[in-house]
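A.B. asks: Right, I'll just put the structure down here and ask away after.
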């Protein structure tokens, strides 16, 4: 898949999907803003665009390597952004897609590390809020960050739904312990990965919104503040869900312990009841004379003793809720 391009002139979309060699021609006009998008590019592609836009070699190198942490690096002529979009798979595990972006005065260059990043959703946001396009790069960057943060928010909400379902399993009368443990492990693993991509976004937005960087103008400031509020909500929600999963696991262990105690009480109670006839029949099985020895009365006495003592024990255990 080749690079995607757009150019805005005076806040109006003037052209898109034009060749890369025309980028410098458009940038000669001070009223234009250019967007270039690469998906799994070759290193030579980034080197060429880096030379054309004056991008720092370290930033270009970071854009070619995967698994960068979410961050904003500042260079003399531009800023370099790394962030992750996220979605939750059917198995409850997190799927992330890494994106790097070069932010210059009049150009935004995005580098997607794989095709899972839905760049069409970003362009749709630009299309629906075209009245803000006069803000140039700030407008493009807002649509990009707004989409990324919304994917984080959607993932956290899905995790919340999964945790509610897990709570129902924990308190089920006949819970499947292995299923609960497996789902609990997956949720904890997903939450750890969510924290890695969500929490650093607070620092990213803080850096982008700083006035000394001069990326966000006054017109776009409220919109970036709204994105920042979403980042805070997603971060706080993630932390609360993490604590909730730990609480659910502890609750499950407590419930297991209580159920085991209940079982042990019942087993012990029945063992005590069964011990009565065993003791009595063992006593009457002695090979020495005793009252009722070799007499029919001895049988009835032993039978009555078994019934009375077993019944007494059953009544006492039942009264104490051991049976």
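The values are calculated or read from the model by the stated rules, or taken from the named source; none is laboratory data. Note that the structure is predicted; figures quoted are calculated from it, not measured. Cβ coordinates were reconstructed from backbone atoms using ideal geometry, including for glycine residues, and neighbour counts include every protein chain displayed.
A.B. asks: Which condition does residue 142 not pass, out of (1) under 30 Å from residue 216 (Cβ atoms); (2) within 27 Å of the chain's Cα centre (by Cα); (3) surrounded by fewer than 22 Cβ atoms within 10 Å (Cβ to Cβ), if it passes all the others?
C.D. replies: (3)
A.B. asks: Please work out which one of (1) in contact with a helix residue (DSSP H, G or I) (Cβ under 7 Å, 6 or more places away or on another chain); (2) farther than 17 Å from residue 200 by Cα is the condition residue 80 fails and give its number.
C.D. replies: Failed condition: (2).
A.B. asks: Considering only segment 108-125, I want to know if a residue exists there that is in contact with a helix residue (DSSP H, G or I) (Cβ under 9 Å, 6 or more places away or on another chain), over 24 Å from residue 219 (Cα atoms) and part of a strand (DSSP E or B).
C.D. replies: yes
A.B. asks: Shifting gears a bit: For segment 158-180, which residues satisfy the criterion of being in contact (Cβ under 8 Å) with a residue 24 or more places away in the chain, in contact with a helix residue (DSSP H, G or I) (Cβ under 8 Å, 6 or more places away or on another chain) and in a helix (DSSP H, G or I)?
C.D. replies: Selection gives 159, 160, 162, 163, 166, 167, 170, 177, 180.
A.B. asks: While we're here: Can you find even one residue in segment 230-246 that is more than 30 Å from residue 145 (Cα to Cα), in the same structural domain as residue 161 (by TED's automatic domain parsing) and either assigned to a helix (DSSP H, G or I) or more than 17 Å from the chain's Cα centre (by Cα) (or both)? Break it down into steps so the answer makes sense when it comes.
C.D. replies: Applying the first criterion (more than 30 Å from residue 145 (Cα to Cα)) to segment 230-246 yields 246.
In the following step, the residues that additionally are in the same structural domain as residue 161 (by TED's automatic domain parsing) were identified as 246.
Within this subset, residues satisfying the condition of being either assigned to a helix (DSSP H, G or I) or more than 17 Å from the chain's Cα centre (by Cα) (or both) are 246.
Yes, segment 230-246 contains a residue that is more than 30 Å from residue 145 (Cα to Cα), in the same structural domain as residue 161 (by TED's automatic domain parsing) and either assigned to a helix (DSSP H, G or I) or more than 17 Å from the chain's Cα centre (by Cα) (or both).
A.B. asks: Can you confirm whether segment 61-71 contains a residue that is loosely packed, with under 13 Cβ neighbours inside 10 Å, within 20 Å of residue 123 (Cβ to Cβ), free of Cβ contacts under 8 Å to residues at least 60 places away in the same chain and in the same structural domain as residue 206 (by TED's automatic domain parsing)?
C.D. replies: Among the residues of segment 61-71, not one is loosely packed, with under 13 Cβ neighbours inside 10 Å, within 20 Å of residue 123 (Cβ to Cβ), free of Cβ contacts under 8 Å to residues at least 60 places away in the same chain and in the same structural domain as residue 206 (by TED's automatic domain parsing), which makes the answer no.
A.B. asks: Looking only at segment 89-101, count how many residues are touching a helix residue (DSSP H, G or I) at 6+ places or on another chain (Cβ under 8 Å) and modelled with pLDDT of 85 or more.
C.D. replies: Looking only at segment 89-101, we keep the residues that are touching a helix residue (DSSP H, G or I) at 6+ places or on another chain (Cβ under 8 Å), and these are 91-94, 96, 99-101.
From what's left, modelled with pLDDT of 85 or more: 94, 96, 99-101.
The total comes to 5.
A.B. asks: For segment 126-144, which positions are farther than 20 Å from residue 70 by Cα and either in contact (Cβ under 8 Å) with a residue 24 or more places away in the chain or part of a helix (DSSP H, G or I) (or both)? Let's see the steps before the verdict.
C.D. replies: Within segment 126-144, the subset farther than 20 Å from residue 70 by Cα is 126-136, 139.
Answer for segment 126-144, where residues must be farther than 20 Å from residue 70 by Cα and either in contact (Cβ under 8 Å) with a residue 24 or more places away in the chain or part of a helix (DSSP H, G or I) (or both): 126, 127, 128, 130, 131, 132, 133, 134, 135, 136, 139.
A.B. asks: Something else about it: Of everything in segment 116-139 that's farther than 13 Å from residue 35 by Cβ and touching a strand residue (DSSP E or B) at 6+ places or on another chain (Cβ under 6 Å), which residue is surrounded by the fewest Cβ atoms within 10 Å (Cβ to Cβ)?
C.D. replies: Within segment 116-139, the match that is surrounded by the fewest Cβ atoms within 10 Å (Cβ to Cβ) is 116.
A.B. asks: Looking at segment 201-210, which of its residues are touching a helix residue (DSSP H, G or I) at 6+ places or on another chain (Cβ under 9 Å) and either farther than 11 Å from residue 74 by Cβ or exposed (fewer than 13 other Cβ atoms within 10 Å of the Cβ) (or both)? Steps first, please.
C.D. replies: Quick first cut of segment 201-210, residues touching a helix residue (DSSP H, G or I) at 6+ places or on another chain (Cβ under 9 Å) only: 201-202, 204-206, 208-209.
Once the filter is applied, which keeps residues that are touching a helix residue (DSSP H, G or I) at 6+ places or on another chain (Cβ under 9 Å) and either farther than 11 Å from residue 74 by Cβ or exposed (fewer than 13 other Cβ atoms within 10 Å of the Cβ) (or both), segment 201-210 yields 201, 202, 204, 205, 206, 209.
A.B. asks: When you scan segment 93-105, do you find a residue that is free of Cβ contacts under 8 Å to residues at least 12 places away in the same chain, out of contact with any strand residue (DSSP E or B) (no Cβ under 6 Å at 6 or more places or on another chain) and in a loop (DSSP other than H, G, I, E, B), even just one?
C.D. replies: Just the residues of segment 93-105 that are free of Cβ contacts under 8 Å to residues at least 12 places away in the same chain, to begin with: none.
Looking for residues that are free of Cβ contacts under 8 Å to residues at least 12 places away in the same chain, out of contact with any strand residue (DSSP E or B) (no Cβ under 6 Å at 6 or more places or on another chain) and in a loop (DSSP other than H, G, I, E, B), one finds none in segment 93-105, hence no.
A.B. asks: Only one of these conditions is not met by residue 229: (1) within 25 Å of residue 127 (Cβ to Cβ); (2) surrounded by 13 or more Cβ atoms within 10 Å (Cβ to Cβ); (3) without any contact (Cβ under 8 Å) to a residue 24 or more places away in the chain. Which number is it?
C.D. replies: Result: residue 229 passes all but (2).
A.B. asks: Could you give every pair whose Cβ atoms fall below 6 Å, whose first residue belongs to segment 21-37 and is at negative phi and assigned by TED's automatic domain parsing to the domain that holds residue 8, and whose second residue is exposed (fewer than 13 other Cβ atoms within 10 Å of the Cβ) and not in a strand (DSSP E or B), counting only separations of at least 6 or pairs across chains?
C.D. replies: 31/10
A.B. asks: Of the residues 84, 147, which is surrounded by 18 or more Cβ atoms within 10 Å (Cβ to Cβ), within 30 Å of residue 180 (Cα to Cα) and assigned by TED's automatic domain parsing to the domain that holds residue 22? Let's see the steps before the verdict.
C.D. replies: Working: 147 fails: within 30 Å of residue 180 (Cα to Cα).
From the options 84, 147, the qualifying one is 84.
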